[in-house]
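The values are calculated or read from the model by the stated rules, or taken from the named source; none is laboratory data. What you are looking at is a predicted structure, and each value in this text was computed from that prediction instead of being measured. Don't worry about glycine lacking a Cβ; one is built from the backbone with ideal geometry, like all the others, and counts go over all protein chains shown.
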Amino acid sequence: MPSQIIRAERVEKYYAQPSENRIQVISPTDLAIEAGEIVALLGPSGSGKSTLMRMLTGLSVPSAGEVYWHEKPIATAEVNVSIVFQSFALFPWLTVLENVEAPLKARGMEAGERRKRSMKILDTVGLDGFQAAYPKELSGGMRQRVGFARALVVEPEVLFMDEPFSALDVLTAENLRSELLELWQKKTIPTQSIFIVTHNIEEAVLLADRIIVLGRNPGHIRTDFKVTLSHPRDRKTAAFTQLVDYIYKVLTQPDAKPPALPTTPSGKAASGSRTPHYQMLPHARPGGIAGLLELLLDHNGKDDIYRLADDLAFEIDDLLPIVDAAQLLGFLTVTEGDAAITATGAEYANSEILRQKELFRTAAVEHVLLLRQIVRAIEAKSDRTVSEEFFHDMLDEQFSEEETIRQLETAINWGRYAELFDFDASRRRFIRSAKMRAEEDEAFQEAE
């Protein structure tokens, strides 16, 4: 049986509220990291990927549950992990060698020994000859290599990586991924396991022996499965494409039961997700939704989301909110990673702006509970206004304060576009829109 290095048992993260409710960030979760595997953690923005990683490393204490390091509570164990972050986080006043030596110096290692070990790891990651350079003299890729070297020089048992390639250009990122995989397979680097947080689905399928996909609101494991594709992995093979499409489907259908894996690897889909009272509105603008639908029309009304993202040079976190918004409004459907425009979506894409507003207005009231409630609250008030705080108080029972603000911002943007209501920013109040006033005046005149 593989050796478990880290084991999380029913860990969760939440924040207490003044009321009896609490903001749940991570729901009770079981997770283990075993020796000899690369684990990739995927999930949409706001699903708690970094929060979960910080709990597994001991940087953050779970609100409930326990994390174990070799079956000892992590708070009392001698944990040997390193983290590579998205930002290079180098000390600009130190040389490359001094940056790599920094964690060894902090541990009190003798100067000669830390220099010897640091030079060896610099050579391993291809930075031999740059030890006297300063970070400002290096390219982005080379600075990230320094970050790798600094993380590896302490010889961590588990190397954690939080979006390590996202700040790099495509070619540099691809090169570093290949080099990391080569170092791992040749056992050149002194680590037993790698845990990488990423939003790049292809990156996960290229590197990982096991992939975990999180859902959000609160964060929970949607699926956890082994990848049995042999290395090197070819993006053009059917098996690779099927896995990418499978993960896209899991990400784009958050309320559906995770589908069966397209290949033979066994995996388990975690249970325990809950249906929220309010849908989480994707943070997409109407213009972006219209642009996506127009692009789909040019592709005969249907296309693979993976190819769309590639054509647009979008990361998954850039495209998914627009796809989610269009799907929520009934303008498209997503099946097996393929987005298909609906009849209403096609009409929306082909219409003039006034007709688009009408279609958006109808879809928003029909499909979005928050917008429907705002409209009804305005209509129910004699002064035709309602305080933003009223809806803020309801939303923050379900979402964090930051997400509550973002939800309201999106609702205001959609409502204004659809002319469902106006918003008085100085008074922080939703008010009857000019269109609603005109319709009421017209109805009053007809009644007379």
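Okay, here's what the table says:
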item	result
Condition check for ILE412: crowded, with 17+ Cβ neighbours inside 10 Å and either of a type in the set (Lys, Arg) or in a helix (DSSP H, G or I) (or both)	yes
Verdict on GLY301 being within 24 Å of the chain's Cα centre (by Cα), at positive phi and surrounded by 14 or more Cβ atoms within 10 Å (Cβ to Cβ)	no
Counted residues, the range 415-436 - those being buried (at least 21 other Cβ atoms within 10 Å of the Cβ) and on the phi > 0 side of the Ramachandran plot	0
Any hit, the range 196-209, residues being assigned by TED's automatic domain parsing to the domain that holds MET55, among the polar types (S, T, N, Q) and crowded, with 19+ Cβ neighbours inside 10 Å	yes
Qualifying positions in the range 102-128 - on the phi > 0 side of the Ramachandran plot and without any contact (Cβ under 8 Å) to a residue 40 or more places away in the chain	GLY108
Total residues in the range 370-390, condition surrounded by 20 or more Cβ atoms within 10 Å (Cβ to Cβ), touching a strand residue (DSSP E or B) at 6+ places or on another chain (Cβ under 8 Å) and not in a strand (DSSP E or B)	2
Tally of residues being at pLDDT 85 or above and over 19 Å from MET119 (Cα atoms) across the range 135-163	8
Candidates ASP318, ASP324, filtered to the one that is among the charged types (D, E, K, R) and buried (at least 17 other Cβ atoms within 10 Å of the Cβ)	ASP324
Residue that is over 30 Å from VAL25 (Cβ atoms) and touching a residue at least 12 places away in the same chain (Cβ under 8 Å), where the choices are LEU138, LEU56, LEU52	LEU138
Residue selected from the range 37-50 under the condition modelled with pLDDT of 90 or more and either more than 25 Å from LYS249 (Cβ to Cβ) or out of contact with any His (no Cβ under 9 Å at 6 or more places or on another chain) (or both), by the criterion surrounded by the fewest Cβ atoms within 10 Å (Cβ to Cβ)	GLU37
Flag if ALA363 is of a type outside the set (Ser, Thr, Tyr) and crowded, with 19+ Cβ neighbours inside 10 Å	yes
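To keep it simple, each residue is scored yes or no on (1) more than 28 Å from GLN24 (Cα to Cα); (2) at pLDDT below 90.
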| residue | (1), (2) |
| --- | --- |
| GLU336 | yes, yes |
| THR342 | yes, no |
| GLY345 | yes, no |
| ALA363 | yes, no |
| ILE374 | no, no |
| GLN398 | no, yes |
| ARG428 | no, no |
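Each row is one residue, and each column tells you yes or no for (1) crowded, with 21+ Cβ neighbours inside 10 Å; (2) polar (S, T, N, Q).
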site: TRP93; (1), (2): no, no
site: LYS105; (1), (2): no, no
site: ASP123; (1), (2): no, no
site: ALA132; (1), (2): no, no
site: LEU138; (1), (2): no, no
site: GLN144; (1), (2): yes, yes
site: ARG150; (1), (2): yes, no
site: ASP169; (1), (2): no, no
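Every residue, every condition in (1) under 27 Å from PRO28 (Cα atoms); (2) of a type in the set (Ser, Thr, Tyr); (3) modelled with pLDDT of 85 or more, yes or no:
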| residue | (1), (2), (3) |
| --- | --- |
| TRP184 | no, no, yes |
| LYS187 | no, no, yes |
| ILE194 | yes, no, yes |
| ALA208 | yes, no, yes |
| GLY219 | yes, no, yes |
| THR223 | yes, yes, yes |
| ARG235 | no, no, no |
| PHE240 | no, no, yes |
| TYR246 | yes, yes, yes |
